[in-house]
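Reading through the structure tokens given below for one structure.
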Amino acid sequence: MRDPYTVLGVPKSVSEKDLKAAYRKLAKAHHPDQNQDDPKAHAMFAEISSAYDFLTDKQKRGAYDRGEIDADGNPKFAGFGRGATGGPRAGAGPQGFSPEDILKEFMSGFGGQPRGARAGAGGAGWDPFSGSMGGGAGAGFGGAGQRSANAKGEDVNLTAVVTLEQAQAGGAVPLNLPNGKTLSIKLPDKVEDGQQVRLKGQGLASPLGGLAGDAIVTVRFERHKHFRRDGADLRVEVPITLYEAVLGGKVRVPTLDGSAELTLPPAVNTQKGLRLKGKGLHGNGDLYASLKIALPEKGDPDLESLMRFWRDQKPYKVRD
């Protein structure tokens, strides 16, 4: 991932309030539903969400600001392999010491004798980094090296953007990993927006040969073109004809599981939504249908004549 501050267009000193405001503005502008003709919209939205998740994690934000990790959560090993970047020379350890310097310092504890020369130090070919001394200080040194070699790789934060239909149905969705692989991840039962899934061993590889880190996946719901979510409840706008509003009837209403039939009473009050119980998200909420009367697109002389008659002969008030 690119620098998360650059992705969100905010300075490093940004407050939590301003960070949230910047994220909402960008998420709205780059949401896939608002940019259906842009093939890059989905990737841009995912990058914005990942950057926000990264910077709202106080521990990772602090480590990133201190230069301890990069934008992917990958640890930076200060002093190793920097060479031409202006840091310590290539192969140098912390504080600018080379491996040879460290070895000399270590050997000085044995009277400055060269490797293998001291009796009881393991004989010719003895390596202080192998942990093969069998006991004493050398055994402890080698044991620490063995523990470091088993250090686990860093975890990574990812975002999976799913539709409400996918969240309702459950099952698996594809997810692109930083290493280029694509996994099919199973969504938790009745998954919620912002819920996290941990993928064991799908994070960064250990630089010392230990186990790989984990991938922490945050599930985000896409904005739906029909439904507006209000907790577990869903709201949808349903257009009806003038004669359906006056005479009543049956209309089909979209739900996350297909369509359902809604019965309209005669002279239905379109100011009040009609409820379909249990048709909200995961069956935990309800679906509220807001009715909207749609007139003929090109107008109709007979309808206009009838409305003039009603206006002049049978007026009624709907406003104070």
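The values are calculated or read from the model by the stated rules, or taken from the named source; none is laboratory data. All values reported here derive from a predicted model rather than from experimental measurement. Every residue, glycine as well, gets a Cβ built from its backbone with ideal geometry; the counts of neighbours run over all protein chains shown.
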Q: Examine region 239-256 for a residue that is part of a loop (DSSP other than H, G, I, E, B) and either closer than 19 Å to Val173 by Cβ or under 32 Å from the mean Cα position of the chain (by Cα) (or both), and state whether such a residue exists.
A: yes
(Q) For region 5-45, which positions are over 26 Å from Lys225 (Cα atoms) and not hydrophobic (A, V, I, L, M, F, W, C)? (A) Tyr5, Thr6, Gly9, Pro11, Lys12, Ser13, Ser15, Glu16, Lys17, Asp18
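Residues are listed down the side, and each one gets a yes or a no for (1) surrounded by fewer than 18 Cβ atoms within 10 Å (Cβ to Cβ); (2) among the charged types (D, E, K, R); (3) out of contact with any Pro (no Cβ under 7 Å at 6 or more places or on another chain):
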| position | (1), (2), (3) |
| --- | --- |
| Ala215 | no, no, yes |
| Val219 | no, no, yes |
| His226 | yes, no, no |
| Val236 | no, no, no |
| Glu244 | no, yes, yes |
Q | Single residue of Arg235, Arg228, Arg220 found to be more than 26 Å from Thr56 (Cβ to Cβ) and part of a strand (DSSP E or B) | A | Arg235
Q: Assess whether Lys279 counts as being outside any strand (DSSP E or B), under 30 Å from Met44 (Cβ atoms) and touching a residue at least 24 places away in the same chain (Cβ under 8 Å).
A: no
Q.
I'd like to verify a number: residues in region 272-299 that are more than 28 Å from Gly258 (Cβ to Cβ) and at pLDDT 90 or above, how many?
A. 2
Q: Scan (1) modelled with pLDDT under 85; (2) out of contact with any Phe, Trp or Tyr (no Cβ under 8 Å at 6 or more places or on another chain); (3) surrounded by 14 or more Cβ atoms within 10 Å (Cβ to Cβ) for the single condition Ile69 breaks and write down its number.
A: (1)
**Q.** helices (runs of 4 or more DSSP H) contained entirely in region 1-68, each with at least 2 residues that are under 18 Å from Val161 (Cβ atoms), of a type in the set (Phe, Trp, Tyr) and within 15 Å of the chain's Cα centre (by Cα)
**A.** 41-55
**Q.** For Thr270: the one exception among (1) surrounded by 13 or more Cβ atoms within 10 Å (Cβ to Cβ); (2) under 25 Å from Glu165 (Cβ atoms); (3) not aliphatic (A, V, I, L, M)
**A.** (2)
**Q.** Qualifying positions in region 282-320 - more than 22 Å from Val251 (Cβ to Cβ) and in contact (Cβ under 8 Å) with a residue 12 or more places away in the chain
**A.** His282, Asn284
Q) Among the residues of region 180-213, which ones are assigned to a loop (DSSP other than H, G, I, E, B), without any contact (Cβ under 8 Å) to a residue 60 or more places away in the chain and loosely packed, with under 12 Cβ neighbours inside 10 Å? A) Gly180, Lys181, Asp189, Gly194, Lys200
Q) Of the conditions (1) buried (at least 18 other Cβ atoms within 10 Å of the Cβ); (2) out of contact with any strand residue (DSSP E or B) (no Cβ under 6 Å at 6 or more places or on another chain); (3) among the aliphatic types (A, V, I, L, M), Leu287 fails just one. Which one is it? A) (2)
